[in-house]
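Peer 1: Input: one structure, supplied below.
The values are calculated or read from the model by the stated rules, or taken from the named source; none is laboratory data. Note that the structure is predicted; figures quoted are calculated from it, not measured. Cβ: placed from backbone, ideal geometry, glycine included. Neighbour counts: every protein chain shown.
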């Protein structure tokens, strides 16, 4: 394993760092051939785990989880993130999960769900040249 004793939250931050456009661009510029020498790896723009504050982790981890947790294979990673998260981050993850399951247009301001048929558009389609 790459970092066996690291927190799952920091692994999520590392995953976000390695998946960024900046990392991709610099890696493509540095690596010209088919091999990746260690002196190239030292030059890649990877932040250390101490560079992330709790506010950074609270911003990054929910987005990483949303983008990564797309199949049952990644369920252990999601479980590790949930286990390592504090109560504030768990609340944020739960709210994000609820927002993905129930779209905002199906919710009332008091949090209850509306009937699906009430979300039908109020407009009608017209063809060019016809009047509504």
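Peer 1: Select, from 45, 62, the only residue that is in contact with a helix residue (DSSP H, G or I) (Cβ under 6 Å, 6 or more places away or on another chain), modelled with pLDDT of 85 or more and outside any helix (DSSP H, G or I).
Peer 2: Just a single option satisfies the conditions, and that option is 45.
Peer 1: Report whether or not residue 44 is surrounded by 10 or more Cβ atoms within 10 Å (Cβ to Cβ) and either over 17 Å from the mean Cα position of the chain (by Cα) or within 19 Å of residue 20 (Cβ to Cβ) (or both).
Peer 2: yes
Peer 1: Yes or no: the range 27-40 includes at least one residue that is surrounded by 14 or more Cβ atoms within 10 Å (Cβ to Cβ) and modelled with pLDDT of 85 or more.
Peer 2: Yes, the range 27-40 contains a residue that is surrounded by 14 or more Cβ atoms within 10 Å (Cβ to Cβ) and modelled with pLDDT of 85 or more.
Peer 1: Quick check on this structure: which one of 19, 7, 54 is touching a residue at least 60 places away in the same chain (Cβ under 8 Å), within 20 Å of the chain's Cα centre (by Cα), surrounded by 10 or more Cβ atoms within 10 Å (Cβ to Cβ) and under 30 Å from residue 95 (Cβ atoms)?
Peer 2: Exactly one residue qualifies, and that residue is 7.
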